[in-house]
Amino acid sequence: MAVVEVSPIKAVNTPLTSKAEPCVVIILGASGDLTRRKLIPALFDLNTIGALPEEFQLLGVGQEEVTDVEFRALVREGTASSRDVNEFQEDGWNGFAPRLMYMQGNLMESATYVKIAKRLEDMSRAGASANRLFYFSTPPSLAPSIIKGMNEAALAKEEKGWTRIIVEKPFGHDLASAQDLNTQIAQAFNEHQVYRIDHYLGKETVRNILVFRFGNSLFEPVWNRNYIDYVEITAVETLGIGSRAGYYEEAGALRDMMANHLLQLLTLTAMEPPVAFDADSVREEKVQILRSIRPMKPEEVAKRVVRGQYGTGRIEGTEVPAYRNENGVANDSITETYVAVEFLIENWRWAGVPFYVRTGKRLAEPLTEIAIHLKRTPQALFARYDRDQRIEPNVIVLRIQPSEGITVSFDAKLPGTEMDTGTVEMNFCYQTAFGMTGPAAYETLLLDAMQGDATLFKRRDEVEAEWRLIMPIKEAWGKEPAPDFPNYAAGSNGPVAADELLARNGHKWRFINSNTSRCGE
Ligand code: BG6
């Protein structure tokens, strides 16, 4: 297929970065992987681009008994290994590290929060900001102790400065536990203090969905049931479950990815234009979409949901074990590592347009994309000239990762004396067009939280609306006979049943191939 590259019309200057408000970030669960791999690297990068104010300080609280100096060495290693060796700027790190402090504490014990409060008071007397951002980088089971401890130690209050909390996913493990967690949070905090994070919302290309849709008059007029045949949303990985068997056995693909990241991609693709780009307006429209999807009845689940689990296979040429043979996984586990769902949005814009959403581990390629399949033209005007007797419908693909960008395919006349046609593709690549791909998701989201902007965080009712869609699927599975797993080979395109899900409507998944339209690689 012929590919046309798309470049910016005007020269693009490095975008301006606004600064975070002065604050102390307190990471609860600072000995964990997330702190080392994502949070500290993101804060370090924010510091490098000048987005952190002079007053910024960080206090890590974790199980391990380490000193400030040892903590800095640990997170330095995580930060350095999160990028190419040459990209790690030692000078920058030396300027950043002294602002990182550590405190040992058991987050289950109330006494820890009294100690944190005392430490923050001491820091404040020494000139630290009274604004505090607490990051719950902990398993959900710890949240009740944290909320109680913070409340009792008066850490939830906003007296001399603001207090905000960021709550990591998973937000509960079902609707009841999510509601329970929301209620506990509401007893200690006001909603404006609460930032429920979903790191997909911080991805540059995910945020671009809104710009693409609402910043261009070319696409929005066709963004509805009159022109769109179906929508495909894919987020698949080649990775297995690594060392997370304990968590994953309980979660499965439905809870791990579908209940949050995938539903978020769906809401941004399907939502109505918000009245303004602010937290209330955007989140209101997202909730409306989730509410427009009718939760499935048990008999619909069998028809509109496909689950799968990987068997042995090859990933990038290397033999990998079946899910049931992974460390820590039961050898008769029925946890799904793949799920595909056909969602129907029952509103004026989308009635009759299926949204097929799939996610899975150990698939052929790592790929996250949203494909909008437009309808065929009403008349096959060129059919008799076209050797294939058909013109392909237009497809708009929003590539979230890798090769971040957008492609629009359309038909063109092939050069020559005959009226033959062929499909061509316009390809916009972030990297090629702008020479950069943008900040990491956690960078964007941490900066937003430090600036008090909750647009890219989930509202209380949004999280509950997500669970309302997921629960009927989980419950129906609980009543079905145990599935015949494994039902797809590692390194494949997923279970055959997922293809049948679309085939009965005359639709087809795109082939899982991240090489398609790669950005000049
Ligand atoms: C996490 C899931 O939320 O997202 C993981 O728990 C998954 O299982 C990860 O691998 C995918 O995120 P990303 O940013 O790599 O697409």
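FYI, it's all coordinate maths here, none of it is from the lab. Quantities reported herein were computed from a predicted structural model and do not represent experimental measurements. Every residue, glycine among them, receives a Cβ derived from its backbone with ideal geometry; neighbour counts consider all protein chains shown.
Structure values in brief
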read-out: Set Lys361/Lys458; Lys203/Lys458; Lys19/Lys160; Lys118/Lys160; Lys38/Lys203; Lys148/Lys169 screened for pairs whose C-alpha atoms are more than 23 Å apart; value: Lys361/Lys458
read-out: Inter-site label distance for Gln379 and His192 at 7 Å from Cα along Cβ, in nm; value: 5.9
read-out: Span from the the stretch 336-406 Cα centroid across to the the stretch 270-291 one, whole angstrom; value: 23
read-out: Sorted peptide list for 247-254, 177-184, 393-400, criterion being average Cβ within 10 angstrom, highest first; value: 393-400, 247-254, 177-184
read-out: Shape category assigned to the stretch 43-156 from the gyration tensor of Cα positions, a/c cut at 1.5; value: prolate
read-out: Cα-based shape type of the stretch 396-521, given that a ≥ b ≥ c are square roots of the gyration tensor eigenvalues and the cut on a/c is 1.5; value: oblate
read-out: At 0.890 mPa s and 25 °C, Stokes D of the chain from Kirkwood alpha-carbon radius, µm² per second; value: 99
read-out: Reachable lysines from Lys508, criterion Cα separation under 19 angstrom, eight or more residues apart if same chain; value: Lys303, Lys375
read-out: Set of aspartates and glutamates with alpha-carbon distance to Lys157 below 17 Å, sequence-local pairs under 8 removed; value: Glu121, Glu191
read-out: On Cα atoms only, tilt of 460-479 relative to the major axis of the chain in degrees; value: 60
read-out: Rel. contact order, % - alpha carbon contacts under 8 angstrom, at least six apart, the chain; value: 19
read-out: Separation between Cα centres of the stretch 474-500 and the stretch 243-257, rounded to whole Å; value: 16
read-out: Normalised contact order of the stretch 368-485, rounded percent, pairs of Cα under 8 Å and 6 or more residues apart; value: 16
read-out: Packing-based exposure ordering (other Cβ within 10 Å, fewest first) of Met101, Met426, Met450; value: Met426, Met101, Met450
read-out: Cysteines not pairable in the chain (beta carbon separation under 4.7 Å absent); value: Cys23
read-out: Fraction of beta bridges assigned by DSSP in the chain that are antiparallel (%, nearest 5); value: 55
read-out: In degrees, nearest ten, helix 110-125 long axis to first principal axis of the chain (Cα); value: 80
read-out: Nitroxide proxy distance, nm - points 7 Å out along Cα→Cβ at Glu87 and Asp68; value: 3.0
read-out: q = 0.08, 0.17 Å⁻¹: log10 I(q)/I(0) that the Debye formula gives for the stretch 256-401, counting C-alpha atoms only; value: -0.35, -1.11
read-out: Helix 175-188 vs. the chain, principal-axis angle (Cα, 0 to 90°, nearest 10); value: 40
read-out: Linear extension gain, Phe410 paired with Arg294, 0.36 nm per residue minus alpha-carbon span; value: 38.4 nm
read-out: Value of [θ]222 nm, deg cm²/dmol, for the chain, DSSP H segments ≥ 4, -39500 (n - 2.57) each, nearest 500; value: -9500 deg cm²/dmol
read-out: For the stretch 92-121 and the stretch 157-192, distance of Cα centres in Å; value: 21
read-out: Highest-first arrangement of 165-171, 280-286, where packing means the average Cβ count within 10 Å; value: 165-171, 280-286
read-out: Relative contact order computed over the stretch 325-385 (Cα-Cα under 8 Å; 6+ residues apart), in percent; value: 23
